[in-house]
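All of the numbers you see were taken from the coordinates with simple rules; none came from a lab. Predicted model only: the values in this text are computed from it and were never measured. Cβ atoms come from the backbone with ideal geometry, glycine included; neighbour counts cover every protein chain shown.
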Amino acid sequence: VVYKRQGLVHPSAEGPVFYKEIALLRDEMLSSDPALISVKMVRLWKEYYNTVLQYELSDWFVTTRPPMLRIVPARKAVPDDVELLPYEDLYEIMNAAKTYTVRDCCCRLQQEKCDKPLHTCIQFNERADYALMRGGGEKLSREKMFEIEAMAEDEGLVPMVANIASLEAPGYLCMCCGCCCVVIDPLKRMDKLRKEEGLAKSRFQAEVDVQECTSCGTCIKRCQFDAIKMKRVEGEKKRKATVDPELCYGCGACVLTCESEAIRLKLVRPPEHIPVEHPALIA
């Protein structure tokens, strides 16, 4: 029981077993009951990540074809005239779950590189039950779950789910940041996001109306993928926000705080972009 609470073992058909993957061991240990997570443990995992694990994760994520994880657009950033598919609609994803918990984000807990909220990692169904059993998750009402997700969107965190066209497969909803997330961060560092390696984009892409852009730069600070730069645009006196389509993952964080409404999400990928089957996921 102690090992389960500490994240050292997990249940299986054969009984409690030790994790074979070091990354899963990290996730479970750092998402345990906060009382069990010592400062020394966090420091050791941080040191290991910065020296070894980030490189291993970067190499591993790009081996999954198609990518195992996918960005979904912030619900409030989606244009009113666009109808989302159920498995890219955050409301549908959350509504499909029967039980839900929230726990601290083990990535931000470990890295400590930003002041974004920790208590945002939402688990569904069996994962939620497991988190409760271990004492690492807080049981949520449906209303509270929606409230946490909306708060995370407002904070500029990026929604991430399992990359499959199913409402049954996703067992979690991650709210990620580009500086701490053990998916986005190593892929950024190794310059693999530009090729869409290791992580799938949403079906959307941000675009800027340069005439409406006031050059405030808020969108640059909001972008977790470093996809927006201020550049000279012909016919404009000020530098304007410009989106790099290769680096834009269509999360919509930039759209939410653009006071001039110069940025919008544009639907650029077909429904087939989201795989119906995935070798690493079970629908």
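Between Ala35 and Val17, the distance separating the two model label sites (each 7 Å from Cα on the Cα→Cβ line) works out to 3.1 nm. Modelled spin labels at Thr51 and Lys221, positioned 7 Å past Cα toward Cβ, are 3.6 nm from each other. Scan region 57-112 for GluC sites (Glu not before Pro) in coil per DSSP, keeping those whose Cβ has at most 15 other Cβ atoms within 10 Å, and list them by number. Those satisfying the criteria are Glu83, Glu112.
With N the number of residues in region 209-283, Rg(Cα) / (2.2 N^0.38 Å) evaluates to 1.37. When the chain is treated as a Gaussian network with alpha carbon springs shorter than 10 Å, the biggest mean-square fluctuation among Ser38, Ser166, Ser58 belongs to Ser38. What the Cα atoms of region 193-238 give is an Rg and a Dmax of 13.0, 39 Å. Projection of the Cα convex hull of region 151-283, averaged over all directions and equal to a quarter of that hull's surface, yields 8.8 nm². Spin-label pair Leu44-Val276: with each label point 7 Å from Cα along the Cα-Cβ axis, the two points sit 4.8 nm from one another. Here region 45-84 was treated as a single set of alpha-carbon atoms; its pair distances binned every 5 Å from 0 give 5, 18, 15, 12, 13, 13, 12, 8, 5, 1 percent.
Mean separation of Cα pairs under 8 Å and 6 or more residues apart, divided by the residue count, gives the chain a relative contact order of 21 percent. Counting only Cα atoms, the size of region 64-148 along its three principal axes is 42, 32, 30 Å, in decreasing order. Could you work out the relative contact order of region 1-115, using alpha carbon pairs under 8 angstrom and six or more residues apart, expressed as a whole percent? The value is 24 percent. Compared with the alpha-carbon gap, the fully stretched path from Ala96 to Asp154 is longer by 18.6 nm at 0.36 nm per residue.
Set against the 2.2 N^0.38 Å expectation for a compact globular protein, the chain has a Cα radius of gyration ratio of 1.01.
Note on region 77-227: with charges restricted to the Cβ of Lys and Arg (+1) and Asp and Glu (-1), its dipole about the Cα centre is near 780 debye. Rg/Rh for region 1-61 stands at 1.01; both radii use Cα atoms, and Rh follows the Kirkwood definition. For region 1-154, the Stokes-Einstein estimate of translational diffusion at 20 °C and a viscosity of 1.002 mPa s comes to 124 µm²/s, using the Kirkwood hydrodynamic radius over alpha-carbon pairs.
Across all directions, the average projected area of the convex hull around the alpha carbons of region 26-113 is 8.2 nm². Simple point charges give the picture: +1 on the Cβ of Lys and Arg, -1 on the Cβ of Asp and Glu, and for the chain a dipole about the Cα centre of about 840 debye. Be a star and scan region 184-215 for residues whose amide nitrogen sits under 19 Å from the point 7 Å along the Cα-to-Cβ vector of Arg232. Zone members listed by number: 210-211, 215.
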